[in-house]
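The values are calculated or read from the model by the stated rules, or taken from the named source; none is laboratory data. Since the structure is predicted, the reported quantities are computational estimates derived from the model, not experimental observations. Cβ placement follows ideal geometry from the backbone for every residue including glycine, while neighbour counts extend to all protein chains displayed. Only protein heavy atoms, including side chains, enter the accessible area calculation; ligands, DNA and RNA are left aside. Shrake-Rupley method; radii C 1.70, N 1.55, O 1.52, S 1.80 Å.
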Amino acid sequence: MAFVYGNCLIGAAGPWALFVLGTYNYATLSRARKAAQLSQFLAAVESCEADIQIIRAGRVWDPRSYLNSTRDEYGGPHQAAHDFYLSEQRNALAIDLAEQPGVYIAISLEAPDRDLGSFLSSLAERGPRDVVQRLREALRWSDRRLLSVRELERLRVSADAAHARIAGFIEARPARTPEVQWLVRRGFCRGLGEPAVDGLHEPQALVFERNGAAYLAPLEADVMRWCDSHVEHRGRVLRVESELGVSWQAHLVAGAMPEHDVFPSTRLELMFAPPESLWFPIDLALTARFLPNDLAMRLVRRKVQDADEIARAEAVGDQGVSDRAFGRTQDARDLLAYLQSASHPPLLRATLAIAVGADGESELERRVEACRRAYGEVHLHRPLGDQLRLFTHHMPGQRCVVNGYDDVLTTEQVAAMMPLATHVVGSRRGFHLGHTLTGSRHAVRLNLREGSDSDRNAAILSIGALGSGKTTLDQKLAYEAFLLGARVIDCDPKGDHRMHELDEVAPHVETIALRGERSLRGMLDPLRVAPEHIRHDAAVSFLSELLPARAEAAWETAIVKAVDTVLRRARVPTCYEVVHALSAGDAVDQQVAKTLEVYAGAGLTQLGFADPDVRLPTLGTRQVTYVLIRDLPAPQPGRARSEYSPLERVGEQVVRLIAMFAMQLMSAERSRLKVFSFDEGWRLLGDPVGRMLLASLQRMGRSELAVPIISTQLVADTLLDGRAAIENLIGATFVFGLRSEAEAARALQLLDLDPDDQALREQLLSYDRGRCLMRDHQGRVEPIQVEVLAPHLLSAFSTTPPV
């Protein structure tokens, strides 16, 4: 590589354009979605119509970088507690976690090679001027010292055209110079870590304005200092003295690749399944020469002739035609029929190379053997004396220079390698959440602000059986929100939350133990705590639900009229004032007032009737509000609302009032992060009014940084038909271990996965102790292990009684 101009690379292999490709989660997709991803990448490869190089660079997650960046970005009020939390994570974090791999495609900006006969036959189709232009293009790079600005601009235009061809099918953007530098320099420290490159995470390019128009100023760099290392060639090993230490590297090349299998299959996913099954990162580079359809037809016809000659030679023998020879003739004719199809597909002469690095020679050999086991039937060669050539094979914008290991593949075979597939899930920022349940163990982080920052749903839902880990997750997220200085409202219907008892949290907690006591009367009055835009409807719903099941329609009409009167005339509107207004009405109004007065004077329902002359204590002055209400009456899951007992209807009303009370506290500070943790959240999701309140919280989440965290035990508790019913309510979703096949199938449907996938159902049935399926805010789904790395938090958040 001699020169870099934006994403244009110029070197011994000619001019190339390098692009960064977007990845996607693949393992949990349905068969139809996997086929759709294959078709998109297949179309992108065919649209290139040029030699290509696909690079998949494995990366190790750096815990030190995570801890340093999290500490530097912190601006909350609990610096000591935050530092102590990070120190506990530092002592427990695994050092072998993986980072999201980088996937790149380099497209040659030269016309694909043709044989002499094909070139001469095309001369008659072109005029003399076109022939001269092609000869100039062929000689343009003979002297790289004579590059003009005009030629560089022509390169950039060609790179833009290549980008336009592939961007219609897959997510791709031009690579920046720091990314090219990182890709080159990391090859010298493979197995040791990632080099520090200035500007790697900065914007893509410098944009400035001139005469009212925006111009792109591509970055230029001198590549001479990118390889500040010493490479020692030792037969089948490279010893590289790099900026991070001594790197021992072995370079392997794949032999014959599988020709027949039913997609999807791990046998075909050579750029996804094997590297993701290893505990260490490996780099893969697929270099492919583009064979146009006309040239491919000539080659395949020659292959058919050769196969027929072998079959005829065997036919005259005593044993006759062997099965292998007969299969060879059939495969050659099948390939010829494929090339003669209406789409006129090309072929690719491809070589797949694998680079393995380690910090010692013995560790390198152990990793090489593990890599060979991961690739199974695909034999990995380790050429003697060609290690340095294969080393350059992984540099961007290169062609394969090692002969004898290439294979002619269809574009379907290349696309079926799934180079864009990953297991990445979670946020780019935020506290450490856990790791994926894969061999590569990708680190998972979660940013509570991601829903608001990305204009997506902010609510978080966790589902799981008793003891599966959902309450521990809710408490972990609430504690991390506390460290960030967020307003935390923790509603605990079971009385097993312990976050408010932690030494660093207790001084900032106000506890509200909701009971049917006179001193708490009116604390949850809907005319006081409900948001103003739903105050009327909330009060009418609360009072109407307290009436007998067979009450006359006129009773509800009387309540609507009385609430409207109180809201217009009362200085401090309350539900108790509504009862007074009904008492002053006609006979029907008075009968309704007598019924409601019973509820206003005793039991839990008196929480919703405030006396305007009684001053309630001021709430919301502390950072954490802990709301305890144990043994709240609840119906059996799945029971119709028409069958609720009076006590169960009271419990439903109290849950609604608590949600409205939380909304009032959260709406007081628009610019501050706010978290509402509600255990037994099926009471909100299964209630139409509760879903309306949750939708109001969701709207607050997008514009006012409010994050509802809802947890429930059973998917059936939500009384929903798949994820579509709550698509506008829930953002990130965690499904922990379940106990029945039916629940597992409903959980997969909730995650927008295939409910008939037996493997995923069995996974959910086996999960326990923090293992779950996570769907993040971007819709990616992966099995993960949630980790609480701070010992004092793990013991405090556990809901299992101590031995």
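Of the peptides 58-67, 499-508, 484-493, how do they stack up when ordered by the mean number of other Cβ atoms within 10 Å, highest first? It would help to have the intermediate numbers written out before the result.
Numbers: 58-67: 17.5, 499-508: 15.5, 484-493: 23.3.
Peptide ranking by packing, descending: 484-493, 58-67, 499-508.
Suppose all protein chains stay in the model; what accessible area per residue would a 1.4 Å probe give for segment 560-604, in Å²? Kindly include the intermediate steps, with their values, before the conclusion.
Working: 2410 Å² over 45 residues.
Spelled out: the 1.4 Å probe surface of segment 560-604, per residue, equals 54 Å².
Suppose R0 equals 56 Å. What FRET efficiency, 1/(1 + (r/R0)^6) with r the Cβ-Cβ distance, do Ala111 and Ser667 give to the nearest 0.05?
Efficiency, from the Cβ-Cβ distance: 0.30.
Place a +1 charge on the Cβ of each Lys and Arg in the chain and a -1 charge on the Cβ of each Asp and Glu, then give the dipole magnitude about the Cα centre in debye, rounded to the nearest 20. Don't jump to the answer; show the numbers that get you there.
On the way: 92 positive and 105 negative charges, 205 e Å.
Computed about the Cα centre, the dipole is about 980 debye.
What is the percent carbon and sulfur in the accessible area of the chain, measuring with a 1.4 Å probe over the protein chains and ignoring ligands?
Numbers: 17860 of 35720 Å².
The nonpolar share, carbon plus sulfur, comes to 50 percent.
Against the chain, whose longest principal axis comes from its Cα atoms, helix 646-666 is set at around 70 degrees.
A simple spin-label model places pseudo-atoms 7 Å from Cα toward Cβ; at Val614 and Arg630 they are separated by 2.4 nm.
Under a Cβ-only charge scheme (Lys and Arg +1, Asp and Glu -1), can you give me the dipole magnitude of segment 753-793 about the Cα centre, in debye to the nearest 20? All intermediate terms of the calculation are to be shown ahead of the outcome.
Working: 5 positive and 8 negative charges, 37 e Å.
Using Cβ point charges on Lys, Arg, Asp and Glu, segment 753-793 gives about 180 debye.
Projecting the alpha carbon convex hull of segment 406-481 along each direction and taking the average yields 8.4 nm².
The length gained on full extension between Glu232 and Asp756, counted as 0.36 nm times the residue separation minus their Cα-Cα distance, comes to 183.3 nm.
Can you give the FRET efficiency to the nearest 0.05 for Phe169 and Arg312, using r as the Cβ-Cβ distance and R₀ = 56 Å? Before the final figure, lay out each step's value.
On the way: r = 44 Å, r/R0 = 0.78.
FRET efficiency, Phe169 to Arg312: 0.80.
Each principal axis of the Cα atoms in segment 1-70 has its own extent, and those three values, largest first, are 42, 40, 16 angstrom. Taking the longest Cα principal axis of the chain as reference, the axis of helix 741-750 is set at about 80 degrees. Computed from the C-beta positions of Glu412 and Leu567, the FRET efficiency with R₀ = 45 Å rounds to 0.10. In segment 326-439, taking the dipole from charged Cβ atoms about the Cα centre, the farthest positive-side position among Val368, Ser427, Gln387 is held by Ser427.
Counting heavy atoms of the protein chains alone, Ile95 has an accessible area of about 140 Å² for a 1.4 Å probe.
Report the net charge of residues surrounding Val45, where surrounding means a beta-carbon distance below 11 angstrom and charges are Lys +1, Arg +1, Asp -1, Glu -1.
Values: positive: Arg165; negative: Glu46, Glu49, Glu412.
The answer is -2.
Given the Cα atoms of segment 323-445, and with Rh set as the inverse mean 1/r over their pairs in the Kirkwood sense, what is Rg to Rh to two decimals? If you can, show how the numbers build up before the last one.
Details: Rg = 19.6 Å, Rh = 18.6 Å.
Checking Rg against Rh, the ratio lands at 1.06.
Note on Glu377 and Arg428: their simple-model spin labels are 4.1 nm apart, each label 7 Å out from Cα toward Cβ. Taking Cys400, Cys575 and ordering them by how much accessible surface each has at a 1.4 Å probe, largest first, produces Cys400, Cys575. Stretching the chain fully between Phe326 and Asp455 yields a gain of 40.5 nm (0.36 nm per residue, less the alpha carbon separation). Ranked by the mean number of other Cβ atoms within 10 Å per residue, highest first, peptides 98-111, 509-522 order as 98-111, 509-522.
The label-point distance for Leu384 and Arg225, in a model that sets each label 7 Å from Cα toward Cβ, rounds to 4.1 nm. Helix-only arithmetic for the chain: the sum of -39500 (n - 2.57) across DSSP H runs with n ≥ 4, divided by the residue total, places the mean residue ellipticity at 222 nm at -11500 deg cm²/dmol. Ordering Arg165, Arg535, Arg190 by accessible surface, largest first, gives Arg165, Arg535, Arg190; the 1.4 Å probe counts only protein heavy atoms, with every chain in place.
Multiplying the sequence separation of His260 and Ser544 by 0.36 nm and subtracting their Cα-Cα distance, what value in nm do you get? Display every interim value, and only then the final one.
Details: separation 284, 0.36 × 284 = 102.24 nm, distance 6.74 nm.
Taking His260 through Ser544 to full extension adds about 95.5 nm, to one decimal.
The separation of segment 220-283 from segment 774-794, counted between C-alpha centres, amounts to 30 Å. Counting Lys and Arg as +1 and Asp and Glu as -1 over every other residue whose Cβ lies under 11 Å from the Cβ of Trp61, the net charge comes to 0.
Grouping the Cα pair distances of the chain into 20 Å bins from zero gives a pair-distance distribution of 14, 37, 29, 15, 5, 0 percent in increasing distance order.
Note on Phe169: accessible area is roughly 90 Å² with a 1.4 Å probe, heavy atoms of protein only.
Taking Cα atoms, how many degrees apart are the long axis of helix 535-545 and the longest axis of the chain, rounded to 10 and kept between 0 and 90? Between helix and principal axis, roughly 70 degrees.
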